Structures are given as C-alpha cells and as structure tokens.
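This report refers to the structure that appears directly beneath it.
The values are calculated or read from the model by the stated rules, or taken from the named source; none is laboratory data. Model, not experiment: these values are computed from the prediction. Note that each Cβ is placed from the backbone with ideal geometry, even for glycine, and that neighbours are counted across all protein chains shown. For the accessible areas, the whole protein counts, side chains as well, though only heavy atoms, and no ligand, DNA or RNA atoms are used. Shrake-Rupley method; radii C 1.70, N 1.55, O 1.52, S 1.80 Å.
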Amino acid sequence: MPLLDAVRALAPYLSSWLEFQRDLARVPGVQVAVRVGGELAASFALGVANEATGEALTPGHLFRIASHSKTFTATAVFQLIEAGIVRLDDPAGHWLPELEGSPAAAMTVRELLGHQSGINRDGADSDYWQQLQPFPDRAALLDLCRAPEVFAPNTHFKYSNMGYSLLGLIVEAASRESYGDFVAAHITGPLGLRNLGPELPAAREPELAAGHSGRLAGNDARRVLPSSDTRAMAAATGFYGTAEDVTAYLSAHAPGRPELLSDRSKRLMQRKESEVTRPSRRWYGLGFILDEVNGRTLVGHSGGFPGHITQSWLDPQSGLSVSVLTNCLGGPATEWATNLVRLIDLAAKTPTKAEADAPDTDLDSFTGRFATDWGVFDVVNLGGRLVSLVPQGDPALSVTELTVVDADTLKPAPEAGFGAVGEAYYYRRDGAGQVEWVRQGGGRAWPFAAYRARVGLPPLPSLG
C-alpha cells in the first residue's frame, strides 16, 4: 500500500494508540500531524489545552516549539550562504564587532551551526528557563557570550542556545532585516504558513496551549505556567507553531523541494556533522538532529520550553514528516514521535501472500483493544495485515503477525519467546457478532470497556 494511503487508513488507530499512552502518562494534551510528500495524512489533538479550565485541545492550538527554532535559523543562514552574503568560515566577530576581544569573536558560523564552538549552553545565569527573570535582550546576550569558552572549538559536540542566538544576530546583520522579518519573508511566507513564527505575538496568546509544570512525584498536580517572550534568544528557542504547520515546513526540507534551499545545502545540513553520546547515541548536522530508525536516517529537532516538550521528524527518503507536541514538562514527545514512525513503518509493510489470498475476510471483525488483569493489547488491521501489539512503547517490540484461520480464529506467526507464542487467538462472539472475549494462551481477554465494567471501573470511552 502506498505510504500516504497507509497513513490515512491508520489515522484513527494512531489517535487511539497515542491516547492510551497520553492517559497513562497523565500528559494534559498532545497535538499530532503526519504528512507524506507534503500531503496531510493525519492530524489530531488529544486531551486538554489547559488543565485548570478544562479547555479541549484542538489541532489549531499553538505550542512553543522551542529548539525547533534552530532548524529555521540554520535555514536562514544557508539562504544567506546561497546568496553569497555569508560564508561558513566567517568568524562571528566579522558580523558582530561587539564580540571583539572575546573567544566568541573567533567562533565560525559552521562551528556555531554544528554546536562545535565550545561556547556555554545558556550563559552564567540562565534562570530565565525557570521564569525567574526575563530572557536576555541583545546587550545581555552579548555579555553572556563574552564568557570564556567551555571547550576549545571542535573538541566536543556541545549544545548551545547561546551559539544559535548569536547566529540569529548574524542573520540580522547580514540581511539588514530583523530576524522575524527575515523568517517571514524567506521561510514561512513562501510556504504560506501563518501558524509558525519566531516569537508569539501578544494578540495570539489566547491561541496558545497552556504550558504545564512537570511532576516530581506521582500524585503531584501540574501547575499552569505563564507564557514567556524569548527576546534576543528567539533564533535558538522562540518559535511557536502547530503540528500541521511544522510538518509542512519540514516537508520542504526533503530533496526536490525548491522553496527554501537547494538540495546541495540540504545534504550538508542533514549529514552527520557530530556524534552525540549523551543521553543516547545520535548525531547532529548543521541545524538538525539525526537519528537512525528502521535502517534509515530521520532528521528533525526536539524542543523544550517552560511547559512544552516537542519533537518533529522528517524522513527525507520517503517524505514522511511527523510532529508531536505536548503541553507539559516531561511530556515524552521524542519517544512518541519516534514510535509513531515505527508504527507507520509496520502499517506500510506489504501483506503476506496468505493475507492477500483472503480478500473476503473481514479483518476488522477481529480488531479492538482487549484487557486482562495483566494489561492491555490491541489487535490492529495494518493495511490488510492483522497484528497484535501493546499500545505503549516501541510497537516493533511487541508486534505479532496474525493469520486468519476461520471467522473466530487467528494464528500467530511462529517465533521463539516467552509468553504464549504460537498459540491461537480464539474469539467468542454474541448473537450480533460482537466480540465477548478472546482466549489466547488459555487466558481470556475482554474488550476494553467490557473489562472495565466487569471489574467495577468507570468507563473511558476515549480509550476504546
């Protein structure tokens, strides 16, 4: 099945799959969009925009996407490089003479883009991240950047908001435009994206999904956090957006899309410039995080802002772009976005010959979410293939391929493992054909709602 069709067919299950995890993790809200080749294939919002008011989250709510900003800044820099105005080996002091006499003056554009400059991450006083003071203005930012370097340039990958803030000032100096005007004229404007920008306008504050605090203990209530302007750090962390607009923007970074950059620049931005070892092994290009998933490279970025944690990915090969935006600190956006890609990969897999030879079988009559005292599993129709999986974590770790034996029996693929591997799924149905229970490995599992009623739990209709 073509990838676009596979994602569109899977979209209802993607929402159910993620809602189960959102509810279990007690995340207030999550907004998701998926595109293939620029075409919107799925878009949904789950939970609430504000726990204090109970306002429902929608696909139109704005999020602070924070360090996604670095991809826009890198794009702006490469546009100026393609115009012959900026060079990768330009020292920062060439464009920002106020840095004269400090180590930052000699840091090159390329070193800043790749987080290889050695400059500190957030300055000597970064309590603006805890909203104890405003983000720095231009003068304060330059003062923070004059500090001694932490590492000599090109010694270690060292992530730095200070470095990307300097790149924003370089964009302004080289273009003779404000950073916001440059982005509007050369990035969001040409793409027709009105829900994406480098600093949230005051008039659009009511559209913002409220940010929520993290939880230090399991029963802690989340606090609604105030909004913040990022001032001179907008190029590093100020962007706002929706998942739909973020995926539309990322799609323009796929090969063959001419709106923003040449393919030559994209290849340089998206190749492995630096290896990252903490907290896990991945890579950084020039403005993009890179990760290996299912044998190919994803490019994108995460974002962390007071109250919002976000992650977006692009697979340049297939044109798949995914954005997952959460409105609380600790929201597992990177885990969910990456596992969403893995789940889509499972759905795009070609059905086996046995499945293709049984076109009259009503596969959907077997599907659903089932519960036991031990937990939950789903039986899912993935584009003409039935599988069983646990709706939490990496779906590839729990997926089992299923083959229809008859109208009430499924046979799992043979494999080696713990649990009841290889043992059939037997369905018991009522007179109307609805599933009463499924027996696998000797134990029964009931449809999710029926199990909750059976053990005296209140209904949760959003979870199936």
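Of the residues 92, 152, the single one that is hydrophobic (A, V, I, L, M, F, W, C), surrounded by fewer than 18 Cβ atoms within 10 Å (Cβ to Cβ) and modelled with pLDDT of 95 or more is 152.
With the structure loaded, tell me whether residue 330 is assigned to a loop (DSSP other than H, G, I, E, B), surrounded by fewer than 21 Cβ atoms within 10 Å (Cβ to Cβ) and touching a residue at least 24 places away in the same chain (Cβ under 8 Å) or whether it fails that test.
Working: assigned to a loop (DSSP other than H, G, I, E, B): yes; surrounded by fewer than 21 Cβ atoms within 10 Å (Cβ to Cβ): yes; touching a residue at least 24 places away in the same chain (Cβ under 8 Å): yes.
Against the criterion (assigned to a loop (DSSP other than H, G, I, E, B), surrounded by fewer than 21 Cβ atoms within 10 Å (Cβ to Cβ) and touching a residue at least 24 places away in the same chain (Cβ under 8 Å)), residue 330 qualifies.
Return the residue satisfying two criteria in turn: it lies in the stretch 351-408 and is hydroxyl-bearing (Ser, Thr, Tyr) and modelled with pLDDT under 90, and of such residues it is farthest from residue 462 (Cα to Cα). Before the answer, list the steps.
Step one: of the stretch 351-408, the residues hydroxyl-bearing (Ser, Thr, Tyr) are 352, 361, 365, 367, 372, 388, 398, 400, 403.
Next, only the ones that are modelled with pLDDT under 90 stay: 352, 361.
On the way: 352: 32, 361: 28 Å.
Restricting to residues being hydroxyl-bearing (Ser, Thr, Tyr) and modelled with pLDDT under 90, the top hit is 352.
If you take the residues of the stretch 191-224 that are part of a strand (DSSP E or B) and of a type in the set (A, V, I, L, M, F, W, C), which of them is most open to solvent (accessible area, probe 1.4 Å)?
Initial filter on the stretch 191-224 (part of a strand (DSSP E or B)): 196-197, 208, 211-212, 224.
Now narrow it down to the ones that are of a type in the set (A, V, I, L, M, F, W, C): 196, 208, 224.
Details: 196: 8, 208: 29, 224: 63 Å².
Per the stated criteria, the residue is 224.
Name the residues in the stretch 1-50 that are of a type in the set (D, E, K, R) and either crowded, with 19+ Cβ neighbours inside 10 Å or over 20 Å from residue 335 (Cα atoms) (or both), would you? It would help to see each step written out before you state the result.
Taking the stretch 1-50 and keeping what is of a type in the set (D, E, K, R), we get 5, 8, 19, 22-23, 26, 35, 39.
5, 8, 19, 22, 35, 39 - these are the residues of the stretch 1-50 that are of a type in the set (D, E, K, R) and either crowded, with 19+ Cβ neighbours inside 10 Å or over 20 Å from residue 335 (Cα atoms) (or both).
Checking every residue in the stretch 453-461 against the condition of being surrounded by 17 or more Cβ atoms within 10 Å (Cβ to Cβ) and either closer than 25 Å to residue 344 by Cβ or out of contact with any Gly (no Cβ under 6 Å at 6 or more places or on another chain) (or both) gives zero matches.
Is it true that residue 47 is at positive phi and assigned to a strand (DSSP E or B)?
The answer is yes for residue 47.
Here 99, 132, 141 are screened, and the one residue that is closer than 19 Å to residue 238 by Cβ and buried (at least 17 other Cβ atoms within 10 Å of the Cβ) is 141. In the stretch 155-175, the qualifying residues are those that are of a type in the set (S, T, N, Q) and buried (at least 18 other Cβ atoms within 10 Å of the Cβ), and the one that is farthest from the chain's Cα centre (by Cα) is 175.
Scanning the stretch 284-305 for residues being open to solvent by less than 30 Å² (accessible area, probe 1.4 Å) and not in a strand (DSSP E or B) gives a total of 4.
Note on the stretch 59-89: among residues that are open to solvent by 40 Å² or more (accessible area, probe 1.4 Å) and in contact (Cβ under 8 Å) with a residue 24 or more places away in the chain, the one that is nearest to residue 333 (Cα to Cα) is 59. Restricting the stretch 406-435 to residues that are open to solvent by 70 Å² or more (accessible area, probe 1.4 Å) and of a type in the set (D, E, K, R) leaves a set whose member that is nearest to the chain's Cα centre (by Cα) is 415.
What about residue 178, is it free of Cβ contacts under 8 Å to residues at least 40 places away in the same chain and either out of contact with any Phe, Trp or Tyr (no Cβ under 8 Å at 6 or more places or on another chain) or surrounded by fewer than 22 Cβ atoms within 10 Å (Cβ to Cβ) (or both)? Taking the combined requirement at face value, the residue satisfies it. Contact annotation: residue pairs with Cβ atoms under 8 Å, 6 or more positions apart or on different chains, pairing a residue in the stretch 251-264 that is assigned to a loop (DSSP other than H, G, I, E, B) with a partner that is among the β-branched types (Val, Ile, Thr) and buried (at least 20 other Cβ atoms within 10 Å of the Cβ), are 253/71; 253/75; 253/299; 260/75; 260/187; 261/75.
Which one of 433, 383, 417, 456 is closer than 25 Å to residue 1 by Cα and assigned to a loop (DSSP other than H, G, I, E, B)?
The conditions single out 383.
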